[in-house]
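Enquirer: I have a structure here, written as structure tokens, and I will follow up with some questions on it.
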Amino acid sequence: MTSVQPIKPTMPFSSETQDTRSDSQPEWFTNRELSWLAFNRRVLEEARDPQNPLLERMKFLAIVDSNLSEFLEVRVAGLRQQAEAGVADRNPDGLSPAETLHAIDVEIREMVAEQYDCWLHEIVPALEKENIRIVRPTALEPEHAKWLKAYFDREVFPVLTPIAVDPAHPFPHVSSKSLSIAALLRTDDPEQPERLAVVQAPSVLARIVRLPPSNGQRCYVFLADVIRWSLPKLFPGIPILDHTA
């Protein structure tokens, strides 16, 4: 019986014969972070698709925001650490950590602008056609404003703790995905005429407050707007120069 001899390769595999495309052809590779942002943009496209049910579009928009938050907390944070440490090594796609951060910044700014455009000019008008209104406290009817003030005093005010930021009180820890309001206050101290304060809302509070029905419409107010509207009660007698959520 004739034995079968194994076929020997004519060119043995070695490190010298490995494919070197990763070093010479970066255009053949896609940056991992930019690829992830491209995926998130496709989710945003679902939010902008008028053929999808309205509430599904709102869910897609919320998913985009949640995805971006996690992306910034994990991936961008890691890239910033590399850039601050002076790491200049390039990935197979040809980008260094600093260059990747710049590309991410451009893409995220465009995506967030598109998010707001979708919310303000597509979702909100579509909700109003269904008699669902997202309103700001300053635009409320007197009876709704009275109800909201009572709601704030009863449900929100007791669980809020304003925190001043100064040399004796360092900036507080801000929990991931928590709601915090920053307020810039005027002081009587000539050496420090302005002071920053932070108001953190505990997670037990609903992020959206439903107002009593009126004229067949269902009205809602964001908790962040309620707290910003009520800042004078949290800082009585102190001029509030600016605030943001």
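Enquirer: Determine whether Phe157 is closer than 18 Å to Phe235 by Cα and at pLDDT 90 or above. Reasoning before the result, please.
Expert: Values: closer than 18 Å to Phe235 by Cα: yes; at pLDDT 90 or above: yes.
It is true that Phe157 is closer than 18 Å to Phe235 by Cα and at pLDDT 90 or above.
Enquirer: Of the residues in the range 47-80, how many are exposed (fewer than 15 other Cβ atoms within 10 Å of the Cβ), under 22 Å from Ser178 (Cα atoms) and among the hydrophobic types (A, V, I, L, M, F, W, C)?
Expert: Count: 4.
Enquirer: I would also like to ask the following. Can you spot a residue in the range 200-216 that is over 29 Å from the mean Cα position of the chain (by Cα) and in a strand (DSSP E or B)? Talk me through it step by step, then tell me what you get.
Expert: Step one: filter the range 200-216 for residues over 29 Å from the mean Cα position of the chain (by Cα), giving 212-216.
Narrowing the set further to residues that are in a strand (DSSP E or B) leaves 214.
So far as the range 200-216 goes, yes, one or more of its residues are over 29 Å from the mean Cα position of the chain (by Cα) and in a strand (DSSP E or B).
Enquirer: Please find, among Ser230, Ser175, the residue that is surrounded by 11 or more Cβ atoms within 10 Å (Cβ to Cβ), modelled with pLDDT of 90 or more, of a type in the set (S, T, N, Q) and under 30 Å from Ser66 (Cβ atoms). Break it down into steps so the answer makes sense when it comes.
Expert: Numbers: Ser175 fails: modelled with pLDDT of 90 or more.
So the residue among Ser230, Ser175 that is surrounded by 11 or more Cβ atoms within 10 Å (Cβ to Cβ), modelled with pLDDT of 90 or more, of a type in the set (S, T, N, Q) and under 30 Å from Ser66 (Cβ atoms) is Ser230.
Enquirer: Further question: Give the number of residues within the range 106-124 that are free of Cβ contacts under 8 Å to residues at least 24 places away in the same chain and not basic (Lys, Arg). Talk me through it step by step, then tell me what you get.
Expert: Step one: filter the range 106-124 for residues free of Cβ contacts under 8 Å to residues at least 24 places away in the same chain, giving 106, 109-110, 113, 116-117, 120-121, 124.
This time we only want the ones that are not basic (Lys, Arg), so: 106, 110, 113, 116-117, 120-121, 124.
Selection size over the range 106-124: 8.
Enquirer: Something else now. What number of residues within the range 63-97 satisfy the criterion of being among the hydrophobic types (A, V, I, L, M, F, W, C), assigned to a loop (DSSP other than H, G, I, E, B) and either touching a residue at least 40 places away in the same chain (Cβ under 8 Å) or touching a strand residue (DSSP E or B) at 6+ places or on another chain (Cβ under 7 Å) (or both)? Quick ask: steps written out before the conclusion?
Expert: The first filter runs over the range 63-97 and keeps only residues among the hydrophobic types (A, V, I, L, M, F, W, C), leaving 63-64, 68, 71-72, 74, 76-77, 79, 83, 85, 87-88, 95.
Narrowing the set further to residues that are assigned to a loop (DSSP other than H, G, I, E, B) leaves 85, 87-88, 95.
Keeping just the survivors that are either touching a residue at least 40 places away in the same chain (Cβ under 8 Å) or touching a strand residue (DSSP E or B) at 6+ places or on another chain (Cβ under 7 Å) (or both) gives 95.
The total comes to 1.
Enquirer: Can you tell me which residues in the range 217-235 are charged (D, E, K, R) and more than 19 Å from the chain's Cα centre (by Cα)?
Expert: Let us first name the residues in the range 217-235 that are charged (D, E, K, R), namely 218, 225, 228, 233.
Arg218, Lys233, listed by residue number.
The values are calculated or read from the model by the stated rules, or taken from the named source; none is laboratory data. What you see is a predicted model; the values in this text were computed from it and never measured. All Cβ positions, glycine included, derive from the backbone under ideal geometry; neighbour counts span all protein chains shown.
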